[in-house]
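A.B. asks: Just passing along the structure, written as structure tokens.
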Amino acid sequence: MSRHDLPEGMIRAPGIAGPHEGYMPGFGNDFETEALPGALPQGMNSPQKCAYGLYGEQLSGTAFTAPSHQNERTWCYRIRPSVKHSARYERIEMRYWQSAPNVDPTVTSLGQYRWDPVPHTEEALTWVSGMRTMTTAGDVYTQVGMASHVYLVTRSMQDEYFYSADSELLVVPQEGKLRFCTELGVIDIAPQEIAILPRGLVYRVELLEGPARGFVCENYGQKFDLPGRGPIGANCMANRRDFKSPVAAFEDRDAPSTVTIKWQGQFHVTYIDHSPLDVVAWHGNYAPVKYDLRTYCPVGSILFDHPDPSIFTVLTAPSGVEGTANIDFVLFRERWMVMEDTFRPPWYHKNVMSELMGNIYGEYDAKPNGFTPGGMSLHNMMLPHGPDNEAFEKATFAELEPSKLDNTMSFMFETRFPQHLTAFAAKEAPLQDDYIDCWDSLKKRFDGTPEGNWDK
Ligand code: FE2
């Protein structure tokens with residue numbers, strides 16, 4: 001935060017000084033924060049008259065009756081209640097932001113797909129108009145499944161606000177820096193960080209350094225949570241203290257403004273005459289959060305064999321079927337490879353889950369070429385994939401010393417649902433038409449002898 005001044009007129013709660021300035025550490029904590037002293041009621045939620053003439057309002061992220069360990073809500077003390085931040089709703093078209101089900105009969109989704117980075121254009125694009133849906137899965141109407149998007153942002157939202165009633169958004173920047181000015185405070189993120197914007201939270205997005213490009217996983221279902229570590233124990237992978245929620249910040253600004261709402265896949269706009277970012281104080285556990293991927297501590301094999309990629313899960317959104325995620329967010333980052341007598345890259349695979357990958361920077365070990373930073377790939381439900389011939393031969397004939405995979409950060413949005421390509425992904429985005437050829441030169445090495453034919 002220190003490198004970028006707050007928006008003019010915004011008043012922020014004093015936070016912890018130092019590297020966490022402006023944020024409160026913890027995942028799913030019950031936070032409390034106030035931008036004006038005494039704005040937060042103590043010992044109760046609904047005083048007859050709130051301090052400073054504020055309105056009390058609850059934002060419920062789970063059903064009232066959700067089990068207590070999953071129950072999420074936040075109490076907001078604000079200049080105007082949210083009903084004053086909406087007027088008549090006017091339907092608008094958002095051609096490139098699609099929702100499931102989105103099955104275009106002219107588009108095939110059965111296959112292995114890979115895209116070069118979606119390029120920037122001259123067009124001025126905001127967080128909302130620059131969202132490009134690549135795949136959709138499940139069903140937004142019944143709140144299961146997800147969509148994957150690429151965002152291209154070249155301008156800040158000015159007196160323009162947005163919220164998604166359909167979903168929480170997991171944001172994975174790849175290029176440029178963004179600021180999310182939300183009802184509950186300000187989050188700045190850059191590549192190698194991620195942010196989660198909860199369902200129903202109003203915000204505007206400012207471009208701090210552009211152009212900005214990145215990936216979004218739109219989660220229609222149950223919220224992202226940290227995975228259970230099982231026998232790994234209480235530490236490593238993603239640690240709760242490394243997640244940060246913003247301290248309260250508000251603005252009391254009168255200006256003609258719009259709020260765009262995504263609701264059941266439709267977009268509506270409403271016109272108001274002030275900023276909706278007017279929450280002076282809040283307490284609760286339903287809040288936006290950011291996380292630095294460099295603090296992710298990978299755990300892996302230290303003698304032989306290659307574990308399942310689930311070992312690298314950062315966040316998981318459950319589906320209701322135990323152990324079968326609506327979405328897993330999985331990170332492939334720098335790590336040491338030490339396994340003996342082992343084929344070290346990812347093994348060949350067919351999966352009931354569908355795997356959408358993106359490259360944040362560097363080189364991915366199973367695909368040294370063609371999967372570039374900003375690029376994506378999709379290995380859909382039960383469609384085979386694995387290392388290309390170059391990666392296979394390199395790993396098969398390598399002298400196995402401890403070696404470090406350096407300069408690499410890719411991720412996967414893995415869902416239990418098949419993913420459908422949008423028309424944009426199939427026809428406008430830079431889809432590689434030769435991706436399937438990367439396995440062409442894999443040789444038959446079976447020759448009937450136990451030794452096999454390992455000629456290069
Ligand atoms: Fe796979």
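The values are calculated or read from the model by the stated rules, or taken from the named source; none is laboratory data. Predicted model, so just to flag it, every value in this text is computed and none were measured. Here the Cβ is made from the backbone with ideal geometry for all residues, glycine too, and neighbour counts use every protein chain on show. For the accessible areas, the whole protein counts, side chains as well, though only heavy atoms, and no ligand, DNA or RNA atoms are used. Shrake-Rupley method; radii C 1.70, N 1.55, O 1.52, S 1.80 Å.
A.B. asks: Considering each of 250, 243, 329, 343 in turn, give the residue that is crowded, with 22+ Cβ neighbours inside 10 Å and in the same structural domain as residue 412 (by TED's automatic domain parsing). Working first, answer last.
C.D. replies: Details: 250 fails: in the same structural domain as residue 412 (by TED's automatic domain parsing); 243 fails: in the same structural domain as residue 412 (by TED's automatic domain parsing); 343 fails: crowded, with 22+ Cβ neighbours inside 10 Å.
Only one candidate passes the filter, namely 329.
A.B. asks: On the basis of being open to solvent by 10 Å² or more (accessible area, probe 1.4 Å), touching a helix residue (DSSP H, G or I) at 6+ places or on another chain (Cβ under 6 Å), not assigned by TED's automatic domain parsing to the domain that holds residue 315 and not charged (D, E, K, R), does residue 272 make the cut?
C.D. replies: Here the answer is yes, as residue 272 does meet what is asked.
A.B. asks: Is the stretch 312-323 home to any residue that is outside the structural domain of residue 181 (by TED's automatic domain parsing) and either within 16 Å of the ligand (Cβ to nearest atom) or touching a helix residue (DSSP H, G or I) at 6+ places or on another chain (Cβ under 7 Å) (or both)? Break it down into steps so the answer makes sense when it comes.
C.D. replies: Residues of the stretch 312-323 that are outside the structural domain of residue 181 (by TED's automatic domain parsing), as a first pass: 312-323.
Filter once more, keeping what is either within 16 Å of the ligand (Cβ to nearest atom) or touching a helix residue (DSSP H, G or I) at 6+ places or on another chain (Cβ under 7 Å) (or both): 312-313.
Yes, that holds for at least one residue.
A.B. asks: Looking only at the stretch 350-394, count every residue that is within 16 Å of the ligand (Cβ to nearest atom), among the aliphatic types (A, V, I, L, M) and either part of a strand (DSSP E or B) or modelled with pLDDT under 95 (or both) and tell me the total.
C.D. replies: Of all residues in the stretch 350-394, those within 16 Å of the ligand (Cβ to nearest atom) come to 350-359, 364-367, 371, 376-388, 391-392.
From what is left, the residues that are among the aliphatic types (A, V, I, L, M) are 352-353, 356-357, 366, 376, 378, 381-383, 391.
Pick out the ones that are also either part of a strand (DSSP E or B) or modelled with pLDDT under 95 (or both) and you get 356-357, 366, 376, 378, 391.
Result for the stretch 350-394: 6.
A.B. asks: Against the condition within 30 Å of the chain's Cα centre (by Cα), open to solvent by 50 Å² or more (accessible area, probe 1.4 Å) and away from the ligand (no atom under 16 Å from the Cβ), how does residue 427 come out, does it pass? Spell out how you get there, then give the answer.
C.D. replies: Values: within 30 Å of the chain's Cα centre (by Cα): yes; open to solvent by 50 Å² or more (accessible area, probe 1.4 Å): yes; away from the ligand (no atom under 16 Å from the Cβ): yes.
Here the answer is yes, as residue 427 does meet what is asked.
A.B. asks: When the residues of the stretch 430-449 are narrowed to those that are of a type in the set (Phe, Trp, Tyr) and open to solvent by less than 50 Å² (accessible area, probe 1.4 Å), which ends up farthest from residue 388 (Cα to Cα)?
C.D. replies: 435
A.B. asks: State whether the residues of the stretch 5-28 include one that is touching a helix residue (DSSP H, G or I) at 6+ places or on another chain (Cβ under 9 Å), without any contact (Cβ under 8 Å) to a residue 24 or more places away in the chain and loosely packed, with under 12 Cβ neighbours inside 10 Å.
C.D. replies: Residues of the stretch 5-28 that are touching a helix residue (DSSP H, G or I) at 6+ places or on another chain (Cβ under 9 Å), as a first pass: 25-28.
Remaining after also requiring without any contact (Cβ under 8 Å) to a residue 24 or more places away in the chain: none.
Looking through the stretch 5-28, none of the residues is touching a helix residue (DSSP H, G or I) at 6+ places or on another chain (Cβ under 9 Å), without any contact (Cβ under 8 Å) to a residue 24 or more places away in the chain and loosely packed, with under 12 Cβ neighbours inside 10 Å.
A.B. asks: Looking at the structure I just gave you, is residue 326 of a type outside the set (Gly, Ala, Ser) and either free of Cβ contacts under 8 Å to residues at least 40 places away in the same chain or within 14 Å of the ligand (Cβ to nearest atom) (or both)?
C.D. replies: Here the answer is no, as residue 326 does not meet what is asked.
A.B. asks: Can you name every residue in the stretch 63-81 that is within 19 Å of residue 183 (Cα to Cα) and surrounded by fewer than 14 Cβ atoms within 10 Å (Cβ to Cβ)?
C.D. replies: First, pick out the residues of the stretch 63-81 that are within 19 Å of residue 183 (Cα to Cα): 72-81.
The answer is 81, and nothing else.
A.B. asks: Let me ask something else. Mind checking which residues of the stretch 92-114 are farther than 19 Å from residue 219 by Cα and buried (at least 22 other Cβ atoms within 10 Å of the Cβ)?
C.D. replies: As a first pass, look at the stretch 92-114 and keep what is farther than 19 Å from residue 219 by Cα: 92-93, 95, 104-114.
109, 113, 114 - these are the residues of the stretch 92-114 that are farther than 19 Å from residue 219 by Cα and buried (at least 22 other Cβ atoms within 10 Å of the Cβ).
A.B. asks: Can I ask one more? Take the stretch 35-62 and flag every residue that is under 28 Å from the mean Cα position of the chain (by Cα) and open to solvent by 60 Å² or more (accessible area, probe 1.4 Å).
C.D. replies: 58, the sole residue that qualifies.
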